[in-house]
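Visitor: Let me begin by handing over the structure; questions about it come next.
The values are calculated or read from the model by the stated rules, or taken from the named source; none is laboratory data. Please read all numbers here as calculations on a predicted model, not as lab measurements. Glycine gets a Cβ as well: all are built from the backbone with ideal geometry, and neighbour counts include every protein chain shown.
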Amino acid sequence: MAIFVNYNIISAANNEETNKYGRSNYGKLDDAVSAYHETLNTIFNKKLEIMVEADDPVTEPPSATEPCTETNVSTYCVAEAAISEYMKFMAGLSEHALYSTDAGDKSTSIGELTDSAASRSQIISMEKEYALKTIDTALAVYNEFQIMYPLHKEYQDLIKIFETYNTALADFRTELAAWPSEFIDASTTDCK
């Protein structure tokens, strides 16, 4: 039984989906970190693009029985995709933490190996610490954008209306300028 359970755990750990950012896909820790951040950036940018380009974007989270769709730009759906990537990234960092150097690195001395291991350990600790905070901050900014963007569009429409009004008022002033500014005997009571 223990062999079967351990085999399932090991095979799950070796699953490409689980180790998307692991050493097998990214031999260098820096490459895995960069890929993760690029992926998160792509997730947010796609949703922002859909929100800006759609006439009436779907901003409500789906019901409990429905999955998030590509066109749903709710903060919930963005958070779901970001947390999924975060979990894959944490699994990848855990895999990278098992090694003291990047794949292909050759160290010539114990000192270099020790320095490399300490540096990697620090990078991994910092990434683990800041990755969730970064997602939290990015989601807060995204949520603010989602709330304020419809107001921004209303302001743009209002500005267009004011520009039209301003143009009409300028045209009216041009028409009035052709008339004389003073009328002779305009205040007289006598009829002539």
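Yes/no matrix, rows are residues, columns are (1) out of contact with any helix residue (DSSP H, G or I) (no Cβ under 9 Å at 6 or more places or on another chain); (2) at pLDDT 90 or above; (3) surrounded by fewer than 15 Cβ atoms within 10 Å (Cβ to Cβ):
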site: Ser34; (1), (2), (3): yes, yes, yes
site: Glu38; (1), (2), (3): yes, yes, yes
site: Lys47; (1), (2), (3): no, yes, no
site: Pro57; (1), (2), (3): no, no, no
site: Cys68; (1), (2), (3): no, no, no
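Visitor: Then there's this: Please specify each residue of region 95-135 satisfying the condition of being part of a helix (DSSP H, G or I), exposed (fewer than 13 other Cβ atoms within 10 Å of the Cβ) and among the basic types (Lys, Arg).
Guide: Lys133
Visitor: Could you pull out the residue among Leu151, Leu132 that is at pLDDT below 90 and closer than 18 Å to Phe44 by Cα?
Guide: On the way: Leu151 fails: closer than 18 Å to Phe44 by Cα.
Matching residue, one of Leu151, Leu132: Leu132.
Visitor: For region 51-74, which positions are touching a strand residue (DSSP E or B) at 6+ places or on another chain (Cβ under 9 Å), closer than 20 Å to Tyr149 by Cα and either part of a loop (DSSP other than H, G, I, E, B) or not polar (S, T, N, Q) (or both)?
Guide: Hits for region 51-74 are Pro57, Val58, Thr59, Glu60, Pro61, Thr71, Val73, Ser74.
Visitor: Here is a follow-up. Quick check, is Glu112 on the phi < 0 side of the Ramachandran plot, out of contact with any helix residue (DSSP H, G or I) (no Cβ under 9 Å at 6 or more places or on another chain) and modelled with pLDDT under 90? Before the answer, list the steps.
Guide: Numbers: on the phi < 0 side of the Ramachandran plot: yes; out of contact with any helix residue (DSSP H, G or I) (no Cβ under 9 Å at 6 or more places or on another chain): yes; modelled with pLDDT under 90: yes.
So Glu112 passes the test.
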